[in-house]
Amino acid sequence: MRTRGAILLATVVTGLGLGFTVTNIGFGDYAELNRMFTFQDPRMLLSFGGAVVIIACVFALLRVRRTPGRIHAGVIPGAVLFGTGWAISGGCPAIPIIQVAGGYLPALVTIVGVVVGIRLCRWSNGRYFHLDRGSCGL
């Protein structure tokens, strides 16, 4: 039987392992990410691509299937905003946490931006757009 403590411990150990790996690959370093996005250093891009290939193989082995349905109207603008924010800030929403843990305090601005962006998304969707949030749960 799994206890809450065992699940929490497994989650913490897994998170620390992932953070260690991501930091050592270079995904926590703004300069490295900038070189990846400007195609100056293919190492990071190849690491990212390799991770995508590995997860695609795991999904195929586990026979994970996409649920049927169509892409709703918020996916494309959301993807563009997400990618733009990643390129500007130097990381997806998890990377600034790793950067702050590594002593890079300007990443706090990115964390605040993520929180404000989520709140603005909820507010604007509720007031103007009324888009289906799907499995996202914003």
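The values are calculated or read from the model by the stated rules, or taken from the named source; none is laboratory data. These numbers were taken from a predicted model, which means no experiment stands behind them. As a convention, Cβ positions derive from the backbone with ideal geometry for all residues, glycine included, and neighbour counts pool all protein chains shown. Protein only, heavy atoms only, side chains kept; ligands, DNA and RNA dropped before computing areas. Shrake-Rupley method; radii C 1.70, N 1.55, O 1.52, S 1.80 Å.
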**Item:** Of all accessible heavy-atom area on the chain, the percent that carbon and sulfur account for (1.4 Å)
**Value:** 71
**Request:** Filter the trypsin sites (Lys or Arg not before Pro) in the stretch 1-68 to those in DSSP coil with at most 16 other Cβ atoms within 10 Å of their Cβ, and list the result.
**Result:** 2, 63, 65, 66
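Return the loop-located chymotrypsin sites (Phe, Trp or Tyr not before Pro) in the stretch 1-70 (DSSP other than H, G, I, E, B) with at most 14 other Cβ atoms within 10 Å of their own Cβ; answer none if there are none.
Numbers: sites: 20, 27, 30, 37, 39, 48, 59; in loops: 27, 39.
Sites meeting the loop and neighbour criteria: 39.
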**Fill in**
Those helices of the chain passing the 24 Å axial Cα length cut-off and the mean Kyte-Doolittle cut-off of 1.0 (DSSP H runs only) are 4-25, 42-61, 107-124
**Message:** Taking the Cα centre as origin and putting +1 on Lys and Arg beta-carbons and -1 on Asp and Glu beta-carbons, what dipole magnitude results for the chain, to the nearest 20 debye?
**Reply:** 640
**Prompt:** Can you give the percent of C-alpha pairs in the chain whose distance is more than 18 Å?
**Reply:** 69
**Fill in**
Between the modelled labels at residue 84 and residue 54 (7 Å from Cα along Cα→Cβ) the distance in nm is 3.2
**Message:** Using the basic label-point model (7 angstrom from Cα toward the beta carbon), what is the residue 101 to residue 20 distance in nanometres?
**Reply:** 1.1
**Asked** Counting only the heavy atoms of the protein chains, how much of residue 46 is accessible to a 1.4 Å probe, in Å² to the nearest 10?
**Response** 130
